[in-house]
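Taking it in order: structure first as structure tokens, then the write-up.
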Amino acid sequence: MLFLSALAIGMITGLQNVTTEVPTTETDGGSTVTDGMGLLETTKASAASDFVNVTIQERPSMWDMYLNHCPKWRPINHVFFQAANVFFLLSFLAPHTPSGLIWLRVALVLGCAFSGLWAWSIECYLDAVVWNSVFIIINFVYFAVQFYLMRPIKFHKDIEAVSF
């Protein structure tokens with residue numbers, strides 16, 4: 001919990017480049033050391049000076065790096081991409097019933113089909129087409145099994161009339 005709190009404080013305040021400078025004289029014997037992150041740390045070899053100057057250089061915070069990492073956004077994707085995501089959304093809204101499982105599989109098949117169309121005709125990504133084709137086959141098999149399990153089971157009247 002302490003680690004998460006420290007992480008949250010670090011993200012809110014942002015990382016800042018802090019350097020400490022100690023005035024050195026020729027007889028002072030001070031040396032400058034660079035740590036692994038590229039920050040300068042000045043060490044003091046003698047106690048001739050007992051003050052330390054701290055300079056804080058302005059750097060963008062972590063929030064600025066996350067929120068402004070795309071100065072220019074690309075245009076909205078093709079309608080196939082949007083339709084695929086709408087069907088994925090509908091598949092996530094399927095209820096936990098046998099007919100809901102049919103709805104889930106049909107929506108996933110349609111979402112993968114539109115995603116594959118987008119990858120094939122608009123972006124030309126062969127790997128996305130192959131993956132979406134595999135997902136379509138898997139979901140179609142699950143759809144067929146669920147549809148088969150939902151069929152009504154009926155016997156002939158003579159068999160149903162037999163009682164033990």
Review point. How far, in nm, would the chain grow between Gln82 and Val162 when pulled straight, counting 0.36 nm per residue and subtracting the alpha carbon separation?
Key: 23.2 nm
Point to revise | Full-extension gain in nm, Leu90 to Leu126, via 0.36 nm per residue minus C-alpha separation | key: 10.4 nm
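Where a number appears in this text, it was derived from the coordinates with a stated rule and is not lab data. Quick caveat, the model's predicted, so the values are computed rather than measured.
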